[in-house]
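Take a look at the structure set out below.
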Amino acid sequence: MKIKKLLLIVLLSITFIFGMTSCKKQKQKLVVTTNAEFNPFEYVENGKITGFDIDLIRAYANKNDLELDIQDVDFDGALIAVSTGKSDLAIAGITVSEKRKETMSFSNSYYSADQVVIVKDGSKYENLNQDEILTQLSLDNAKIGCQRGTTGEYFIEGDEDWEFDGIKGAEVKSYDNGALAVTALSNGQIDAVIIDSAPARVLCKSIKNVKIVKDVLLTSEEYAIAVNKENTSLVESLNKFIFEAKEDGTLDAIVNKYFGTETEDVVIDDKSTFNKDNILSIFKGLGNTLIITFTAFLLGILLGVLVSLATNMQTKNKALLALKYLAKGYVMIFRGTPIIVQLLIIYYIVFKSFTGNAIWIGVLSFGLNSGAYVSEIVRGGIESVSAGQMEAGRSLGLNYHTVMKKIIFPQAIKNALPSLGNEFISLIKETSVIGFIGAFDLTLAFRKIANATYDYTSTYLLMGLLYFLLVLLFTCILKLIERRLNHDRIKGR
């Protein structure tokens, strides 16, 4: 009796403890999108996203007891995520404009910026004033680089909403980030770069043979935090925080940390291209690439087989006929549109409320795309089997489905194996675009290393070599499997 009472007390105590734990208020999650290729505002260091903007939003989260979920995507993706409600806010050195206000709201400004011109050392543009350099770039039909989707791009092209006249005759060269644009300038591929002043200072210290043209400030603009238009309470909360940060010195402390005073120079740490953190990042990206590839391929095989059977079935049943045409429509759509378009539509439109790991959206997208191609591969395999085998099976009294299952389909899969192997190899390479939705893979790992170290040559060459070795490895494995199957087939005879 005493033991029963003791057990009852223990159980009640455990229940009470767990009950109290579950009652504890969990931190509210704040989903933030950024583009960590805009040093010093946001960049990757030792495998972590840091920078001026990141420190600012962390200060806001700490003050409001929020849990941050920072997602690194390209600049356009950061803005799309906010406008579609996929993230709560975007902070990435975003300039406020009337055009952008149509699709999103903005907090009050937290930083004033300018656009500057970067040219090669010894360039004929380096000693010109603002009017002279714009005129000369126009007369020369110069190739001018910028980051895609930024103020610099609008300034070169001209834009009524931004009230930019543009540089007539100039050829716009848009890059994924400013570092790539300045690297192209250093290589002599373009004539100038127009970019924000703060990252320009960092880039000119990190990349050789380039400099900022003195006393040329093309624009005056304000950075603010972008918020979904429906989330007015978040805008008010951010405005209150920014006001208080300016008053209590929080903002000044962050400014001094990343920019110092006007007389201080930008200090750039020497970064090894392949240090421990970067190597770990490469292995993580490789692991994610293999996970995405294998999982998407298995999903593609499953879908492909089912769709192939649906498109090849012979029936007069209306429901089954509808299924057959639906399957054919699926194949046409996914074979007729680029994988990157499918990826963006599925991530930003179909699953716009999804805030989990983007890898799984990538798996679904690549699986659906692969399924369309696998279905055609399997269909080809079925058609490669002699029609006489179907007739022989039916003459033995077997129905259509039994003949397909027991006789035709096993042979079709064997015949289709080389093509299925090629589909797997293609999938390894296709997954390299998953970084467009912020999922971390092998390509994105190398891109981040290159953007952090500005060593694009060795980084990209190694990336290409690693993909080649990966494809070579799986090609050899697939050939061994084919050889083994052929050996078993001959032995069976």
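The values are calculated or read from the model by the stated rules, or taken from the named source; none is laboratory data. Remember, it's a predicted structure, so these values are computed and weren't measured experimentally. Don't worry about glycine lacking a Cβ; one is built from the backbone with ideal geometry, like all the others, and counts go over all protein chains shown.
For region 373-402, what are the residues that are hydrophobic (A, V, I, L, M, F, W, C) and not in a helix (DSSP H, G or I)? Outline the logic, then answer.
First, pick out the residues of region 373-402 that are hydrophobic (A, V, I, L, M, F, W, C): 374, 377-378, 382, 385, 387, 390, 392, 396, 398.
Listed by number, the residues that qualify are V385, L396, L398.
Look at V341 and say whether it is under 30 Å from G285 (Cβ atoms), in the same structural domain as L472 (by TED's automatic domain parsing), part of a helix (DSSP H, G or I) and within 39 Å of the chain's Cα centre (by Cα).
Here the answer is yes, as V341 does meet what is asked.
Of K168, K214, K208, all but one fail to be in a loop (DSSP other than H, G, I, E, B) and under 20 Å from S112 (Cβ atoms); the exception is K214.
From the list G85, G77, G122, G145, the one residue that fits, being in a loop (DSSP other than H, G, I, E, B) and either in contact with a Gly (Cβ under 9 Å, 6 or more places away or on another chain) or not assigned by TED's automatic domain parsing to the domain that holds N239 (or both), is G122. Assess whether A59 counts as being in a helix (DSSP H, G or I), under 25 Å from the mean Cα position of the chain (by Cα) and modelled with pLDDT of 90 or more. Here the answer is no, as A59 does not meet what is asked. From the list S426, S395, the lone residue that is over 24 Å from I279 (Cβ atoms) and modelled with pLDDT under 85 is S395. Contact annotation: residue pairs with Cβ atoms under 7 Å, 6 or more positions apart or on different chains, pairing a residue in region 145-164 that is under 16 Å from D74 (Cα atoms) with a partner that is modelled with pLDDT under 90 and assigned to a loop (DSSP other than H, G, I, E, B), are Q147/N177; R148/D176.
Just one of the listed residues (K429, K405) is in a helix (DSSP H, G or I) and touching a residue at least 12 places away in the same chain (Cβ under 8 Å), and it is K429.
Quick check on this structure: which one of L280, L217 is surrounded by fewer than 19 Cβ atoms within 10 Å (Cβ to Cβ), assigned by TED's automatic domain parsing to the domain that holds S353 and at pLDDT below 95? Quick ask: steps written out before the conclusion?
On the way: L217 fails: assigned by TED's automatic domain parsing to the domain that holds S353.
It is L280.
The residue that is surrounded by the fewest Cβ atoms within 10 Å (Cβ to Cβ), among those in region 97-136 that are over 30 Å from N209 (Cβ atoms) and hydrophobic (A, V, I, L, M, F, W, C), is M104.
When restricted to residues that are farther than 24 Å from T150 by Cα and in a helix (DSSP H, G or I), region 217-250 contains 14. With respect to the conditions (1) part of a helix (DSSP H, G or I); (2) out of contact with any strand residue (DSSP E or B) (no Cβ under 6 Å at 6 or more places or on another chain); (3) in contact (Cβ under 8 Å) with a residue 12 or more places away in the chain, N108 lacks only one, and its number is (1).
Is it the case that T183 is at pLDDT below 90 and crowded, with 22+ Cβ neighbours inside 10 Å? No: the conditions fail for T183. One residue stands out in region 290-319 among those that are of a type in the set (V, I, T) and more than 18 Å from P410 (Cβ to Cβ): the one that is farthest from the chain's Cα centre (by Cα), namely T315. Cβ separations smaller than 8 Å between residues 6+ apart or across chains give the following pairs from region 458-469 residues that are closer than 15 Å to T431 by Cβ to residues that are of a type in the set (A, V, I, L, M, F, W, C): M463/L442; M463/F446; L466/I282; L466/L286; L466/L442; Y467/I428; Y467/L442.
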